[in-house]
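**Student:** Just passing along the structure, written as structure tokens.
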Amino acid sequence: MSLLSAATEVRLRAYAPYSRFKVGAAILSVEGNLHVGCNVENVAYPEGTCAEAGAIAAMIAGGDTRIAEIAVIADSPEPVPCCGGCRQKIAEFAGQDVRVTLYTTDGKSKVLTVAELLPGVFTLAHMDATPKVGV
Ligand code: THU
């Protein structure tokens with residue numbers, strides 16, 4: 001199954017009664033497996049989770065470790081960019097050149113790399129450079 005088909009299918013299972021904005025995400029892992037996620041909202045609004053976060057959780061729970069490619073789909077006029085939090089979450093598990101394809105349900109798409117999605121990403125290297133004062 002293609003990443004687009006998997007994201008399209010899982011999007012229909014999104015739980016989005018508050019925003020009514022359903023999102024689907026599909027990851028091809030470096031290990032060669034497909035993992036999917038959809039947004040799951042909550043009446044306590046900040047507790048809701050994004051489709052990308054769900055797909056990442058499924059990848060890790062499934063025993064895979066790295067993203068080779070990711071696709072996201074939503075019913076929006078233009079391909080919806082991942083939220084800031086999801087950009088950081090994707091960057092945790094993907095190289096800078098990994099392809100992120102954003103789709104609309106009516107066939108538009110936009111391809112970005114992880115580097116384009118989150119320029120200046122905060123990484124472990126930045127923490128290592130932090131002076132360890134008082135430890
Ligand atoms: N949402 C995602 O799942 N992924 C995105 O990239 C953008 C936003 C969800 C969160 C919330 O359930 C709904 O879309 C409206 O923000």
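The values are calculated or read from the model by the stated rules, or taken from the named source; none is laboratory data. These numbers come from a predicted model, not from an experiment. Quick reminder, even Gly has a Cβ in these numbers, built from the backbone with ideal geometry, and neighbours come from all protein chains shown. Ligands, DNA and RNA are stripped out before the accessible areas are found, and what is left, the full protein with its side chains, is counted by its heavy atoms. Shrake-Rupley method; radii C 1.70, N 1.55, O 1.52, S 1.80 Å.
**Student:** Quick one: length gained pulling Glu47 to Thr104 fully straight, 0.36 nm per residue minus the C-alpha distance?
**Tutor:** Extra length from Glu47 to Thr104 when fully extended: 18.0 nm.
**Student:** If you restrict to DSSP beta bridges whose two residues both lie in the stretch 3-128, what percentage is antiparallel, to the nearest 5?
**Tutor:** Once the DSSP bridges in the stretch 3-128 are tallied, antiparallel ones form about 70 percent.
**Student:** Keeping every protein chain present and rolling a 1.4 Å probe, give me the accessible area per residue for the chain in Å².
**Tutor:** Each residue of the chain exposes 56 Å² on average to a 1.4 Å probe.
**Student:** Grab the Cα-Cα distance for Glu92 and Leu12, subtract it from 0.36 nm times how many residues apart they are, and report the gain in nm with one decimal.
**Tutor:** 26.1 nm
**Student:** Sticking with this one: Considering the zone a paramagnetic label at Ser76 would reach in this model (a point 7 Å from Cα along the Cα-to-Cβ line), which residues of the stretch 99-125 have amide N under 16 Å from it?
**Tutor:** 100-113, 117-118
**Student:** When the accessible area of the stretch 3-128 is split by element with a 1.4 Å probe, what percent falls to carbon and sulfur?
**Tutor:** Exposed carbon and sulfur together represent 57 percent of the surface.
**Student:** Turning to a different aspect of this structure: Cross-chain or 8 or more residues apart, Cα under 25 Å: how many lysine pairs in the chain fit that? Count them up, please.
**Tutor:** For the chain, the number of qualifying lysine pairs is 5.
**Student:** Further, regarding this structure: For a protection proxy built on the mean count of beta-carbon atoms within 10 angstrom, sort 106-114, 45-53 highest first, please.
**Tutor:** Averaged packing, sorted descending, gives the order 45-53, 106-114.
**Student:** Further, regarding this structure: Output needed for the stretch 3-128: three equivalent-ellipsoid semi-axes, defined as square roots of 5 times the C-alpha gyration tensor eigenvalues, in descending order, whole Å.
**Tutor:** 22, 16, 15
**Student:** Just in the stretch 1-58: which chymotrypsin sites (Phe, Trp or Tyr not before Pro) are loop by DSSP and have at most 15 other Cβ atoms within 10 Å?
**Tutor:** Answer in residue order: Tyr18, Phe21.
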